[in-house]
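Structure, as structure tokens:
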Amino acid sequence: MEKLKSLVPENLKQMVGSTTADDLPSSSSFLLRLFQQSQLFFQIIGDLAMDPENALCGKKKDAALELKRQGNQCFLNGDYTNALVYYSKALQVAPMNAVDMDKNLVATLYVNRASVLHKMDLQLECLRDCNRALQISSTYAKAWYRRGKANVSMDIFDDAIRDFKISKHVEVSFNGKKLIDDELKVVQHQHSRSNTANEHSKNKLDDFDDPIQVKLHVTTSIKGRGMVSPTEIPPSSLVHVEEPYAVVILKHCRETHCHYCLNELPVDKVPCPSCSIPLYCSQHCQIQAGGRMLQNVPDVQDIFKNLSDDLRKYVQEITLCSFSELRTEDVPEHKHECDGVHWPAILPSEIVLAGRIVAKFIAQRGVFTDASNIVDMLNLSHHFPEMHADSKLECIIYSIMLLSCLQQFFPSKIAINGNTTSQIAILISQIRTNSISIVRMKSFDAPGSPDKDESLSSVVPFTCNMEQVRVGQAIYTTGSLFNHSCKPNIHAYFNSRTLFIRATVFMAVGCPLELSYGPQVGQLDCKDRLQLLKDEYSFNCQCSGCSTVHISDLVINAFCCINPNCRGVVLDRSIFSCENTKTKDFLTVNDQMILEPFMQTDSFLHAGPSHCLKCGSYCDIKSSRLTVDKAGIHFTRLQQEINLNRVSETTVSDALGALISLKSTLHEYNRRIAEAEDNLSQAFSLLGKLELAAEHCKASIRILEKLYGENHIAIGNELSKLSSILISVGDHNAVDCIKRLSKIFRCYYGSNVNTMFPFLNILEEETHKFVSTHL
Ligand SMILES: C[S@@+](CC[C@H](N)C(=O)[O-])C[C@H]1O[C@@H](n2cnc3c(N)ncnc32)[C@H](O)[C@@H]1O
């Protein structure tokens with residue numbers, strides 16, 4: 001990008017910088033003409049899109065053979081973990097039509113990986129790899145044999161017998177036939193039970209099928225279009241479900257998550273048949289994303305003709321993969337990026353997403369030319385005119401690059417000119433304003449998690465921590481109409497690629513439904529939220545959380561008053577000036593009563609920064625900051641030890657001292673005290689001092705309740721930690737704690753809660769056990 005930008009003369013840069021949506025086509029034309037005369041530009045596009053043979057993302061037989069050799073070596077040494085890694089890597093780069101020792105290389109690699117999976121006792125995964133090998137080469141005796149072994153391990157004897165019979169039939173060597181026959185006899189003696197194992201991960205929505213409870217209306221306000229409720233909406237109602245218009249996986253998840261459904265990859269991941277980048281959890285997802293797999297099934301009629309009808313049908317079922325549930329209207333979103341070209345791996349995710357939207361547009365409308373109007377088709381808002389001059393330039397350059405790359409795949413369907421380039425530039429700015437991050441909840445258990453044999457109450461508490469991981473970026477055309485609020489009243493979550501939105505509070509008729517685009521009250525102070533929304537989404541937030549004074553923004557980063565009897569807040573200059581601009585006129589009597597211990601409603605008028613907003617006393621913020629920084633060193637050390645699961649008594653005792661310093665300097669509801677209490681709770685859990693762990697956890701929750709409100713999901717997360725500690729110490733308060741956290745989670749996730757958070761089931765079961773033994 002920097003090289004291309006350096007080709008642009010200063011006067012053209014200035015013209016692009018001041019361009020509006022109206023004169024964008026002419027600015028784009030100038031840039032396009034400039035690049036079309038540049039050798040460097042053609043060289044860059046050549047590297048990105050035109051040389052699949054030598055491309056980084058292309059298939060490479062030699063590399064695959066070397067990885068296979070290393071896999072075989074590990075297998076022979078009994079190092080199955082590494083054998084699995086090598087075979088999987090080999091599958092990623094092996095060309096579909098490569099042959100190794102008279103066998104299709106990909107089929108051989110699947111059978112080799114199946115043998116590893118069998119050794120690792122992953123029988124379902126082993127069976128799936130055998131099926132994949134057989135879909136490429138149905139006469140592969142070893143694949144049928146390995147399939148039989150997997151079925152025996154799963155006690156599916158009917159299928160195992162069939163597998164061995166077919167294996168024996170297609171095996172050419174006498175010794176091989178004899179070996180299979182011996183195996184067959186053993187299985188025939190065992191009791192038979194029929195079963196079938198299918199491909200998994202079909203994006204099941206079975207547990208996600210509660211009906212939408214409200215039909216929303218679109219209205220306009222200072223925030224542009226937005227969703228409102230035409231009726232009253234009770235908390236937890238499902239208000240919106242939507243499939244994405246286009247999705248792209250984020251780069252950091254390429255090796256760990258399925259590039260189609262975005263679920264975590266299983267060990268028997270499936271690579272793209274035509275390039276070495278995407279990985280899928282199943283053939284189903286691979287076909288959805290890339291279209292049908294090239295199959296290499298030889299004419300099998302002859303070799304199987306002497307088999308019984310039952311066995312012939314069985315061969316067909318396994319070797320011809322049929323995914324009847326595929327919807328024909330789905331456009332394979334990866335197909336145009338395939339064949340080993342570089343650009344999808346190199347260009348930023350949002351540009352690849354724009355490419356997917358153009359490809360879908362072409363699939364639906366036939367061509368993308370000046371007459372097309374992709375911008376109106378999506379009908380999404382954007383902030384192109386307000387973008388920084390340099391971002392505008394980058395946006396247009398990326399548009400030219402993307403169109404040039406796409407044109408290699410759609411030679412006769414794309415016109416590259418000022419008009420189409422400007423459409424893509426606007427499309428990119430629409431993506432910046434409207435794309436939604438798809439997140440997955442990742443829960444990880446701290447030490448002491450219950451294992452198979454131990455019940456929760458018999459071990460050190462398991463504290464279930466949850467983290468949201470961003471896995472994808474997507475455009476949901478209706479979902480984009482929900483505006484942002486730092487105090488949201490709806491909650492968005494995902495099952496695979498599907499967006500779900502639920503009300504989290506009661507909403508009156510006509511109430512705007514607003515979700516958080518990221519920052520929330522309780523998490524950041526108002527000035528930081530405003531800055532973040534400006535930087536990332538280019539708008540000045542006008543939500544109620546940012547326009548009125550409320551307790552969270554006052555206390556979250558506040559210092560305490562030097563007067564020990566006063567609970568007033570002391571703010572630094574930047575927070576003071578942000579809060580001072582908010583209107584105090586809208587404060588209800590209730591709000592005023594809540595704020596009353598911490599400030600006088602008119603105190604902004606006569607008290608300044610560094611002064612208590614309640615009693616006016618002066619506080620030396622500079623020296624308070626030094627105290628806080630010093631205390632922070634002890635908590636950093638404690639956190640490092642917690643991460644290593646090894647906490648020393650000395651570090652904990654230093655941190656307890658540091659907590660006292662924090663409390664004497666910061667306001668009682670400052671977020672840093674909550675974090676310090678939470679750290680200490682984790683540390684005491686690790687030391688097995690559970691009563692102390694519970695006390696510090698409760699102290700942290702008391703502060704978070706002030707920052708977020710009592711029924712926020714952040715409180716639910718903390719309650720899950722507290723309840724497991726309480727169960728472990730036999731404290732009967734655990735029962736109420738679990739009831740409360742269940743209520744919060746159910747409000748945010750409705751009936752999907754048990755599927756999404758299995759730990760809640762464990763906690764609820766433990767409560768029942770607890771009640772029957774302790775109460
Ligand atoms: C995803 S769109 C939401 C729908 C948009 N209002 C429309 O008319 O299409 C995001 C844009 O809506 C506007 N917006 C959303 N929430 C806002 C808020 N709290 N304050 C001001 N503008 C907001 C901003 O222009 C933002 O870039």
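No lab work stands behind these numbers, since they all come straight from the coordinates. The structure presented is a predicted model; accordingly, all values stated were derived computationally and were not measured. Quick reminder, even Gly has a Cβ in these numbers, built from the backbone with ideal geometry, and neighbours come from all protein chains shown.
Please give the direction-averaged projected area of the C-alpha convex hull for region 546-774, in square nanometres with one decimal. Numbers along the way, then the final one.
Working: hull surface 57.6 nm².
That works out to 14.4 nm².
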Would you pull out the residues with amide H under 5 Å of LYS103's amide H, same chain only if 5 or more places away, H placed 1.01 Å from N? none
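How would you order 534-540, 482-488 from highest to lowest mean count of nearby Cβ atoms within 10 Å? Don't skip to the end; give the middle numbers.
On the way: 534-540: 13.1, 482-488: 23.3.
Per-residue Cβ counts within 10 Å, averaged per peptide and sorted highest first, yield 482-488, 534-540.
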Sorted by chain and number, the residues with a modelled amide H under 5 Å from that of ILE438, at a separation of 5 or more or across chains, are VAL471, GLY472, GLN473, ALA474
With the label point 7 Å along the Cα-to-beta-carbon line of THR478 and a cut-off under 20 Å to each amide N, the hits in region 751-766 are 751-752
So which lysines can LYS534 reach, going by Cα to Cα under 21 Å and dropping same-chain residues fewer than 8 places off? LYS223, LYS392, LYS487, LYS582
What residues of region 335-362 lie in the reach of a label at PHE42, counting those whose backbone N is under 19 Å from a point 7 Å from the Cα along Cα→Cβ? none
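Which of rounded, prolate, oblate describes the chain, given a ≥ b ≥ c as roots of the alpha-carbon gyration tensor eigenvalues and a/c under 1.5 marking rounded, otherwise prolate only if a/b is larger than b/c? Walk me through the numbers on the way to the answer.
Working: a/c = 2.17, a/b = 1.33, b/c = 1.63.
Cα axes put the chain in the oblate bin.
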Using the structure shown, select from LYS59/LYS269; LYS442/LYS743; LYS614/LYS689; LYS269/LYS413 the pairs with a Cα to Cα distance greater than 28 angstrom. LYS614/LYS689; LYS269/LYS413
Would you compute, from DSSP H runs of 4+ residues alone, the mean residue ellipticity of the chain at 222 nm, taking -39500 (n - 2.57) per run and dividing by the full residue count, rounded to the nearest 500? -15500 deg cm²/dmol
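Starting from 0.36 nm per residue, how many nanometres of slack lie between SER6 and VAL99 once their C-alpha separation is accounted for?
Numbers: separation 93, 0.36 × 93 = 33.48 nm, distance 4.69 nm.
Additional length available on full extension: 28.8 nm.
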Ranked packing of 227-238, 336-347, most packed first, by mean Cβ within 10 Å: 336-347, 227-238
For LYS13 and ALA508, FRET efficiency with R0 = 51 Å and r from the beta-carbon atoms, rounded to 0.05? 0.50
Which whole-Hz ³J(HN,Hα) couplings does region 395-412 yield from phi under the Karplus relation 6.51 cos²θ - 1.76 cosθ + 1.60, θ = phi - 60°, glycine and proline marked x? 4, 6, 4, 4, 4, 5, 4, 4, 4, 5, 5, 5, 5, 5, 8, 10, x, 9
Say R0 is 22 Å: what FRET efficiency, to the nearest 0.05, do ASP22 and TYR537 get from their beta-carbon distance? 0.40
ASP302-LYS769 pseudo-label distance in nm [points 7 Å out on the Cα-to-Cβ vector]: 6.3
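Gain in length, SER547 to SER648, computed as 0.36 nm per residue apart minus the alpha-carbon separation, to one decimal in nm? Let's see the in-between values first.
On the way: separation 101, 0.36 × 101 = 36.36 nm, distance 4.55 nm.
Here the segment from SER547 to SER648 would lengthen by 31.8 nm.
Return the FRET efficiency for the residue pair LYS119, SER412: r is the Cβ-Cβ distance, R0 is 35 Å, and the value is rounded to the nearest 0.05.
Values: r = 51 Å, r/R0 = 1.47.
Calculated value: 0.10.
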With Cα coordinates, the longest principal axis of the chain makes an angle with the long axis of helix 649-665, in degrees rounded to 10, of 40
Would you list which aspartates and glutamates come within 20 Å of LYS663, measuring only between C-alpha atoms, while excluding same-chain residues fewer than 8 positions from it? ASP525, ASP553, ASP572, ASP620, ASP629, ASP654, GLU675, GLU677, ASP678, GLU695, GLU705
Pairwise centroid distance, computed over Cα atoms, of region 683-753 with region 60-123, Å: 47
